[in-house]
Amino acid sequence: MRAIIKFSRRTFLVWFIEIFTVFLGIFGFRSPAKGADKDFYTGTPYIGKTRTNPFQKFYVNYWKPFLRVDGEKWTLRVHGLCKNPQTFTLIQLKTFPKKSQTSRLKCVECWSAKAEWAGFHFSELDHLAEPLPEAKGIVFHCADDYIEAALREDLLQPRSLLVYAMNDKPLSDGHGFPLRVIMPFKYGYKNPKAILEIEYVKEPPYGTWSKIGPYSADGTILPGYDHPLDMGGETRKIYGGEIRY
Ligand SMILES: Nc1nc2c(c(=O)[nH]1)N[C@H]1C(S)=C(S)[C@@H](COP(=O)(O)O)O[C@H]1N2
Ligand SMILES: [Mo]
């Protein structure tokens with residue numbers, strides 16, 4: 001009974017936020033810049049989600065439609081509290097030692113799905129940027145105006161990756177082309193997609209979701225339940241941290 005009450009309270013909150021955000025969208029507070037010649041990713045309208053993607057086991061969600069990233073023109077800007085602010089092309093990032101791992105992405109809304117991710121370890125970039133001693137946080141600025149942040153310490157964990165490939169293919173626009181974060185011990189919202197900038201800051205600020213919803217700023221996966229879509233969505237008990245099945 002308790003579980004049912006909790007669930008419906010959460011459902012109510014999620015619904016409330018969705019309706020509120022669509023309302024903001026309608027009144028133009030954050031509509032995407034319009035332009036006939038612009039190529040927008042509109043796979044998900046305002047925080048909507050879809051499963052019409054190549055890996056049907058994942059939901060895809062975005063904060064709002066955004067200007068599709070052109071991989072040849074895209075550069076990752078690394079700046080903020082570091083000695084060597086600089087930009088990297090995708091080709092340059094691909095010269096870092098390649099790391100891949102199979103890990104599960106768990107959304108705080110309960111579903112999860114698993115993929116093989118490939119990219120590089122954050123330490124490669126961090127090393128070149130030379131953060132100042134006070135830079136404990138990293139902010140990710142994404143193409144859809146989504147913002148997430150992490151402790152530098154968490155990004156330096158061995159299972160945290162910056163990835164450009166999923167299941168042996170370049171990331172699709174839906175899953176975060178050209179570059180996203182994978183931190184399997186954190187909920188999905190701490191895994192920002194379509195990253196444009198990485199900024200070193202003193203302390204990680206609240207991200208897009210934590211600012212408006214009941215999502216902790218830290219985002220570590222808590223003990224509770226999971227509904228793995230690749231296992232038929234059956235309810236499974238989880239113990240907190242990275243899900244290992
Ligand atoms: N840029 C951006 N990254 C994002 C989001 C977003 O809205 N915008 N949503 C997050 C949330 S809530 C989840 S659950 C995962 C979903 O990842 P997927 O779309 O690859 O399944 O992406 C995360 N990264
Ligand atoms: Mo999510």
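Values computed for the structure shown
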quantity	calculated
Meets criteria (modelled with pLDDT of 95 or more and touching a Gly at 6+ places or on another chain (Cβ under 9 Å)) for L105	yes
Condition met for T208 (within 15 Å of ligand 2 (Cβ to nearest atom), open to solvent by 10 Å² or more (accessible area, probe 1.4 Å) and within 11 Å of the chain's Cα centre (by Cα))	yes
Any hit, region 31-50, residues being among the hydrophobic types (A, V, I, L, M, F, W, C), within 30 Å of G241 (Cβ to Cβ) and modelled with pLDDT under 95	yes
Pair list, Cβ under 6 Å, 6 or more apart: region 175-192 residue on the phi > 0 side of the Ramachandran plot, other residue in a loop (DSSP other than H, G, I, E, B) and more than 7 Å from ligand 1 (Cβ to nearest atom)	none
Only one of E148, E134, E199 that is of a type in the set (D, E, K, R), part of a loop (DSSP other than H, G, I, E, B) and either touching a residue at least 40 places away in the same chain (Cβ under 8 Å) or open to solvent by less than 60 Å² (accessible area, probe 1.4 Å) (or both)	E134
Single residue of F55, F66 found to be within 16 Å of ligand 1 (Cβ to nearest atom), modelled with pLDDT under 95, in contact with a strand residue (DSSP E or B) (Cβ under 7 Å, 6 or more places away or on another chain) and within 20 Å of V139 (Cβ to Cβ)	F66
Of the criteria (1) open to solvent by 10 Å² or more (accessible area, probe 1.4 Å); (2) aromatic (F, W, Y); (3) under 22 Å from F66 (Cβ atoms), which one W117 fails	(1)
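Residue by residue, here is whether (1) open to solvent by 70 Å² or more (accessible area, probe 1.4 Å); (2) in a loop (DSSP other than H, G, I, E, B) holds:
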| residue | (1), (2) |
| --- | --- |
| V69 | no, yes |
| E72 | yes, yes |
| R77 | yes, no |
| N84 | no, yes |
| R104 | no, no |
| E109 | no, yes |
| I138 | no, no |
| Y164 | no, no |
| G174 | no, yes |
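The values are calculated or read from the model by the stated rules, or taken from the named source; none is laboratory data. Just so it is clear, the model here is predicted, and its values are computed rather than measured. Note: ideal-geometry Cβ built from the backbone for every residue, glycine included; neighbour counts use all protein chains shown. Heavy atoms of the whole protein, side chains included, go into the accessibility calculation; ligands, DNA and RNA do not. Shrake-Rupley method; radii C 1.70, N 1.55, O 1.52, S 1.80 Å.
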